[in-house]
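The values are calculated or read from the model by the stated rules, or taken from the named source; none is laboratory data. It should be emphasised that the depicted structure is a prediction, and the values quoted were computed from it without experimental measurement. Cβ: placed from backbone, ideal geometry, glycine included. Neighbour counts: every protein chain shown. Protein only, heavy atoms only, side chains kept; ligands, DNA and RNA dropped before computing areas. Shrake-Rupley method; radii C 1.70, N 1.55, O 1.52, S 1.80 Å.
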Amino acid sequence: MSDASVVVRVDGAVGHVTLAAPDRLNAVDVAMLEAAAGGVRALDADPAVRVIVVSGEGRAFCAGADLSVHLDEGDLDGTLHGVGAVSRAVIEAGTPVLALVPGVAAGAGLSMALAADYVLVADDAKLVLAFGALGLMPDGGATSLVVANIGRARALRLALTGEKLTGAVAAEWGLVSESVAAEAFSARAVELTAHLAGLAPRGTALTAAAITVAALDLDTTLEREEAGQHELLRTPDFVEGLTAFREKRRPTFGA
């Protein structure tokens, strides 16, 4: 099962959902998000699949939403809901989900990566909550996922400054599960995939669900984020942020 820009496949006990738009660093649109969420759900329903690997083709995981094309309100709302749908599918999967991040994970891309049960990053990967530069707030569950992983102070630091973390620092902070040298990334990904595929399925599902429920209120988080983002997507500040992004300049908000 594949969309032109999302590849979903099964290789033995391993299910793969690959964002396949490397020419734009796997920046996502509504169709890609729908395909990715559907792919995760389909693989989770397949009893032969023991681990789901979510990755991006090429050097990036996902650079966030595709802002290079004209977006009307329907596109914006569809992207907002689509990111939440991917994160929900990943978080609610009973099958363990491994996110592989060798390079950029920005904005919605970082949200989707952090939804996974295990996030492997390269030491030199670049992770950033890029929403503030657009006059927006984090979505896709990120407002809870980041806080659950690294606490309120550091979450606000990332959200308000747009600071880019290397994979090594992200692992040191606890934002992601593990960081390895770029040259060791592929081999470690293979090891982790095999390890997760070999775990007891029901025990793993109940363990992940219990830990997630203890750390997250997913329904409330997504509802709050989507309400806030719906409002922000209709503000002059978002128009300015998007224009500045396309013109490669710093935005001037509140003008």
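Numbers below:
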{"quantity": "In segment 43-53, the residues that are in contact with a Ser or Thr (Cβ under 8 Å, 6 or more places away or on another chain) and either within 22 Å of residue 127 (Cα to Cα) or not in a helix (DSSP H, G or I) (or both)", "calculated": "49, 50, 51, 52, 53"}
{"quantity": "Those residues of segment 225-253 which are touching a Phe, Trp or Tyr at 6+ places or on another chain (Cβ under 9 Å) and open to solvent by 90 Å² or more (accessible area, probe 1.4 Å), in sequence order", "calculated": "236"}
{"quantity": "Residue that is closer than 20 Å to residue 52 by Cα, of a type in the set (Phe, Trp, Tyr), surrounded by 16 or more Cβ atoms within 10 Å (Cβ to Cβ) and touching a residue at least 12 places away in the same chain (Cβ under 8 Å), where the choices are 131, 185", "calculated": "185"}
{"quantity": "Residues being assigned to a strand (DSSP E or B), β-branched (Val, Ile, Thr), open to solvent by less than 40 Å² (accessible area, probe 1.4 Å) and within 23 Å of residue 197 (Cβ to Cβ) - total across segment 1-42", "calculated": "5"}
{"quantity": "Residue count, segment 196-244 (criterion: small (Gly, Ala, Ser), more than 16 Å from residue 80 (Cβ to Cβ) and more than 19 Å from the chain's Cα centre (by Cα))", "calculated": "8"}
{"quantity": "Considering residues of segment 46-99 that are closer than 21 Å to residue 192 by Cα and of a type in the set (D, E, K, R) only, the residue most open to solvent (accessible area, probe 1.4 Å)", "calculated": "59"}
{"quantity": "From the options 77, 117, 124, residue that is in contact (Cβ under 8 Å) with a residue 12 or more places away in the chain and in contact with a Gly (Cβ under 7 Å, 6 or more places away or on another chain)", "calculated": "124"}
{"quantity": "Yes/no for residue 167 being under 19 Å from residue 245 (Cβ atoms) and either touching a residue at least 40 places away in the same chain (Cβ under 8 Å) or hydroxyl-bearing (Ser, Thr, Tyr) (or both)", "calculated": "no"}
{"quantity": "Qualifying residue in segment 145-152 (condition: open to solvent by 30 Å² or more (accessible area, probe 1.4 Å), more than 30 Å from residue 240 (Cβ to Cβ) and charged (D, E, K, R))", "calculated": "no"}
